[in-house]
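Below: one structure, written as structure tokens.
The values are calculated or read from the model by the stated rules, or taken from the named source; none is laboratory data. The structure displayed is predicted, hence computed values, not measured ones. Here Cβ is always computed from backbone atoms with ideal geometry, including for glycine, and neighbour counts include all displayed protein chains. The protein model used for the area step is the full one, side chains on, heavy atoms only, and it has no ligands, DNA or RNA in it. Shrake-Rupley method; radii C 1.70, N 1.55, O 1.52, S 1.80 Å.
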Amino acid sequence: MAGVTRLSVRNIRKSFGDHEVLRGISLDAQDGDVISLLGASGSGKSTFLRCINLLETATDGQIIVDGEEIRMVDKGGTRYPASQSQVDHIRSELGMVFQSFNLWSHMTILQNVIEGPVHVLKRPRAECMEEAEALLEKVGIYDKRHAYPAHLSGGQQQRAAIARALAMKPKVMLFDEPTSALDPELVGEVLRVMRALAEEGMTMLVVTHEMSFARNVSNRVVFMREGLIESSGAPDAMFGTGASPAFRQFIGHFGNPQ
């Protein structure tokens with residue numbers, strides 16, 4: 001499927017009142033791309049992901065997921081998605097992993113993972129159970145499948161959240177700083193799962209401050225600044241002599257990623 005455009009974003013703008021957070025962002029993700037979105041706090045990275053996944057409605061612009069454009073209507077000067085059923089469908093194509101896990105605390109890990117496929121995709125429960133157990137094995141927490149989220153470490157909860165997103169068989173995975181809420185010793189276990197997904201060809205957009213992941217796992221690095229893409233390119237160029245002065249200053253806070 002090389003060369004297939006899984007996600008196309010055109011001139012996305014987002015304002016909260018008078019404050020324009022996104023000022024015209026365009027980006028394409030081909031099948032198998034791993035794009036790291038870097039930038040200082042407040043540069044618009046998380047808002048950008050939330051607009052793609054329709055958790056926020058962009059003020060302007062187009063979003064096309066696997067060839068299907070999200071239809072919008074204007075009511076009284078405010079944009080809305082034209083079809084809730086299309087929103088539900090698009091969200092099933094976009095796996096989202098948040099900073100704070102967002103697991104359902106009253107469900108076991110296995111129940112968390114099968115909830116979407118059973119109730120949203122209306123797939124047979126037994127089939128979903130089998131696939132969920134395989135996913136939990138893949139992310140290394142099969143032995144925790146009957147535990148509740150509160151009994152897992154942060155790293156285990158985040159791996160469960162990744163399994164839950166993968167259970168919907170998304171075309172694109174969106175990661176919003178997936179390691180930022182974790183203790184340092186737990187970051188590696190989540191990054192290992194993400195690296196394995198990248199190696200398998202999953203298309204991923206990753207908001208992260210993990211510079212070594214951005215340099216060594218991504219095939220493209222996008223640097224956002226003040227609601228715009230300030231620069232983008234291959235990791236070797238971005239982290240090498242091709243870096244813009246602003247990006248060089250930004251990564252200087254993190255040391256030299258190897």
Q: Can you send over the solvent-accessible area of residue 60, 1.4 Å probe, protein chains only, in Å² to the nearest 10?
A: 70 Å²
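Might you tell me the accessible area per residue for region 5-253, computed with a 1.4 Å probe and given in Å²?
45 Å²
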Q) Which cross-chain or sequence-distant (5 or more) residues have an amide H under 5 Å from the amide H of residue 34, H modelled 1.01 Å from N in plane? A) 204, 219, 220
Q | Total formal charge among the other residues, if their Cβ is under 15 angstrom from that of residue 235, Lys/Arg +1 and Asp/Glu -1 | A | +1
**Q.** GNM top mover of 70, 229, 162 - the chain, alpha-carbon springs below 10 Å
**A.** 70
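Given axes a ≥ b ≥ c from the Cα gyration tensor, I'd like to know whether region 111-206 is rounded (a/c under 1.5), prolate (a/b larger than b/c) or oblate.
oblate
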Q. Using a Cα distance threshold of under 21 Å, what count of lysine pairs results for region 5-253 when pairs must be 8 or more residues apart or interchain?
A. 7
Q.
Pick from 125, 164, 13 the residue whose mean-square fluctuation is largest in a GNM of the chain, springs joining Cα atoms under 10 Å.
A. 125
Q) Rounded to a whole number, what % of the accessible area of the chain do carbon and sulfur atoms account for, probe 1.4 Å? A) 47 percent
Q. Given the C-alpha centroids of region 32-91 and region 135-156, what is the distance between them in whole angstrom?
A. 30 Å
